[in-house]
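*Asks:* Let me begin by handing over the structure; questions about it come next.
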Amino acid sequence: MSSSSFLNTVIFLAAGLLSYGLGFFLIRLSRRLNFLDYPGDRKIHPQPVPFMGGMGVFVSFWSVILAGIVLAFFFDDRIPFLKVHDDLVSGIRFLTPQVLGIFWGSFIILVVGFLDDKFRWPPIQKMLGQFVAIAVLLGPGFRINLAADWQVVGYLITFIWVFLIINAFNFIDSLDGHCAGIALISSLMFFWIVQIIRQPLDGFLLIAFAGALFGFLFHNFKRDKMFLGDNGSLFIGYMMAAFTLLSQYHEPQSTLATTFIPVLIFGVPIYDTVSVVAVRILRGIPPWKGDRNHFAHRLVKIGMSQKVAVIFSYFIAFAIGHIAILTTQVNAFGAVLIGVIFVSILGMIAFLEFYVTREITMKRKRALEAVSKP
C-alpha cells in the first residue's frame, strides 16, 4: 500500500469510526430530548425514530478536517509522515479560509435543518435559511467560473446550482440509507476523479466525508434506528454542492464537457427532483409540498421492497458515476457519446417506471372490475 493510500484509509476509518461511535450517543440524546420523527400520513415508519443523524455526520467530518488543519499548521515539521505529503499540507494551508467558509455555511444549514425538524418550518422560512447558508459559501469567492465580464451571472448560476443540489439530496431522503448511500457513492466518485487529476486537498475532504457517511449508515440501515432528519439531508446536499465548487474536476486541457461531471454524478438526486416536481405540477400540487412520489417510493410501488429499491438506486448512481469518471479521459466526441448514454439511461428508467406502473394500475383495475361483476 502506498503512503497516500494508507493516509486516505486512515482518514476514512477515523471519520467512519467517529461517526459510528457518535451514533449511539446521539440516539440516546435524541430520545432524552424527545427529538424524534413521529409517524404521520407521509411517513412509513410505525414508531417514533431519533433523527439527529446529521449531527453525527457533521461532527465526525469536521472533527477530522479541523484536526488536519491543526496538524498542517502546527505539527507538519514534527511529524515525519506529513513531510511525505507536503502537497496536501500546502493545500490545507492555502485553502483554509475557503474551507472555514464552507464550515460556517454548513453549520448554518445544519441549524436550519434542526429548526425545521423541530418546529416544521413553512417552506419560505426554510428557503430563506438556505439562502443565508449559500451566501456564506459564496462569500470566499466560490462560484462557477465564466468569462470575466460574466462574474455576476456566474454567482447567480452558482447560487441556483447550490440551492438545487441542497434540495435534491433533501428530496431523496425518503427511505433508510437512500440519501446517505447515494452521497457516499457520489463522494467516492469525486474522490476517484481528484486522485486522477492530483488534487490532494479535495481528496482529503471527500474521503473524510465518505467515511462519516459510511459510519452513519450502520445506524440508518437498521430499520427505524436513526434517521438523518432534514438537518442531515440539507447538510449533505450543502457539502456535495460545495465540493463541486472547491474543485473543477478536470485538467486545464480537458474538454468543456468535463465541467458537467457533477451533473452526471448527481444523476439520481437530480432525476428524482425533476421527476417529482414535474409530477406535482401536473397534479396541481405545489412543488414544495411533500408526498410519497419520490423515485425510491415509486420503485416500491412497482413491487420492490424498500431495501431493494435503495440498492437499485445505488447501482444506478454507481454506474453513472463511472460514466462521469470516463468523461475525464475522452475527447469531445467521446464526451458527446457519454452524454447520450447518460440521457438514455435516465430515459430508460423513466420509461420502465411509466410502463410498469401503468401495467400494475390496469391489472388492479381489471381485478376490481372482475370482483364487482355479479
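*Asks:* Quick one: if you stick a label point 7 Å off each Cα along the C-beta vector at residue 74 and residue 152, how many nm between them?
*Replies:* Roughly 4.5 nm, to one decimal.
*Asks:* Something else about it: Which one, 6, 183, 36, projects farthest toward the positive side of the charge dipole computed for the chain from Cβ point charges (K/R +1, D/E -1)?
*Replies:* 36
*Asks:* Take the Cα atoms of region 189-236, find their three principal axes, and give me the spread along each one in whole Å, biggest first.
*Replies:* For region 189-236, the Cα spread along each principal axis is 40, 19, 13 Å.
*Asks:* Take region 94-184, drop everything but the C-alpha atoms, weight them equally and run the Debye formula without solvent; then report log10 I(q)/I(0) at 0.15, 0.23 Å⁻¹ to two decimals.
*Replies:* Debye output, listed in q order: -0.67, -1.23.
*Asks:* A further question on this structure: So what J values fall out for region 19-30 if you push phi through Karplus, 6.51 cos²θ - 1.76 cosθ + 1.60 with θ = phi - 60°, rounded to Hz, Gly and Pro as x?
*Replies:* Using θ = phi - 60°, the values come out as 5, 5, x, 4, x, 5, 5, 5, 5, 5, 4, 4 Hz.
*Asks:* I've got another one for you. How far, in nm, would the chain grow between residue 132 and residue 363 when pulled straight, counting 0.36 nm per residue and subtracting the alpha carbon separation?
*Replies:* Extending this stretch completely gives an extra 78.2 nm.
*Asks:* Moving to a separate point now. Using the Karplus curve 6.51 cos²θ - 1.76 cosθ + 1.60 with θ = phi - 60°, what ³J(HN,Hα) values do you get for each residue of region 316-324, in whole Hz, with x for Gly and Pro?
*Replies:* Per residue, the Karplus-derived 3J(HN,Hα) values read 5, 4, 5, 5, 5, x, 6, 5, 4 Hz.
*Asks:* If you don't mind, there's one more thing I want to ask. Going by amide H atoms built from the backbone, whose H comes under 5 Å of the H on residue 37, apart from near neighbours?
*Replies:* Those lying under 5 Å, H to H, from residue 37 are 49, 51.
Each value in this text was obtained by applying a stated rule to the coordinates, not by laboratory testing. Since the structure is predicted, the reported quantities are computational estimates derived from the model, not experimental observations. Quick reminder, even Gly has a Cβ in these numbers, built from the backbone with ideal geometry, and neighbours come from all protein chains shown.
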